[in-house]
1. In the stretch 97-155, which residues are in a loop (DSSP other than H, G, I, E, B) and either within 17 Å of LYS184 (Cα to Cα) or at pLDDT 75 or above (or both)?
2. Any residue in the stretch 57-84 that is more than 14 Å from SER124 (Cα to Cα) sitting within a Cβ distance under 6 Å of a residue that is surrounded by 14 or more Cβ atoms within 10 Å (Cβ to Cβ) and of a type in the set (Val, Ile, Thr)? List the pairs, counting only those 6 or more apart or interchain.
3. Sort out which residues of the stretch 138-150 are open to solvent by 70 Å² or more (accessible area, probe 1.4 Å) and under 11 Å from TYR175 (Cα atoms), and write them in order of number.
4. Are any of the residues in the stretch 165-181 modelled with pLDDT of 90 or more, assigned to a strand (DSSP E or B), open to solvent by 70 Å² or more (accessible area, probe 1.4 Å) and over 26 Å from ASN133 (Cα atoms)?
5. Quick one: which of THR160, THR189 is outside any strand (DSSP E or B) and surrounded by fewer than 18 Cβ atoms within 10 Å (Cβ to Cβ)?
Amino acid sequence: MRYLAFFTFIWVYASGLVVRGETPSEAYDLPKLVALQDRENYLKSEVSLSAGYLPSDSFNKGVIVGATYSYYFSDYMAWEVANFNYSFNIETSLKSDLVTNFPIEIKNVGFEGALDFIKFYATSNLVYTPFYNKSLLFNSTVVRGETSFVFGGGAVKFQTTGYKPIVDMGLYLRYFTTAATSLKFDFRTNLYYDSDLGVSNFFSLVVLFAIQLGDPPEHLRRK
């Protein structure tokens, strides 16, 4: 009886599809994309204020503050003209123990520069933004944003060993708060060369508050 009931159900369901003029594949088709919505946020030139963290190495960590100026050629291409960050160094307990117990061996730079720390760095970058998106925040608010990739170079100043050229690359996630302001979460790796250490790098994790300069387009001023 169970098998008879099962096959009866399949026959009735298939008959219903035929009556409606549908095939089984059409009954399960996903909704088709019929239109794309234009972006609702503009990009011209902007100033960003930032705060972040440098997990430099086992001996030093940095808390950074900085500012950035960017100019946008289009919604997709931009020039991050200047990105400057100053680092407040925090010595780890490991470094404190070494300085206390082995002051002669690690005087000044020690370990061929491994105990040196960053004072500040500045870069200039190209910004490419292929992704513009909308996200649902807490199932109640739509937040618009974008994902950008950055690549460029500059210089970093170490406390003892001085200036070194750097190449930086990474990405940031932007979320618009109004038509003219946004939050950016910036993740980058910065490569530099040291004659003793070879090619090394430091990571930067930064949060920025960006402000667009100039008036937004008329249709955005009411938002």
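The values are calculated or read from the model by the stated rules, or taken from the named source; none is laboratory data. Source: prediction; values computed, not measured. FYI the Cβ positions are ideal-geometry reconstructions off the backbone, even for glycines, and counts take in every protein chain you see. For accessibility, only protein heavy atoms count, side chains too; no ligands or nucleic acids. Shrake-Rupley method; radii C 1.70, N 1.55, O 1.52, S 1.80 Å.
1. Result: ASP116, PHE117, PHE138.
2. PHE59/THR92; LYS61/ILE90; GLY62/ILE118; TYR76/THR129
3. VAL142
4. The answer is yes; a qualifying residue exists.
5. Just a single option satisfies the conditions, and that option is THR160.
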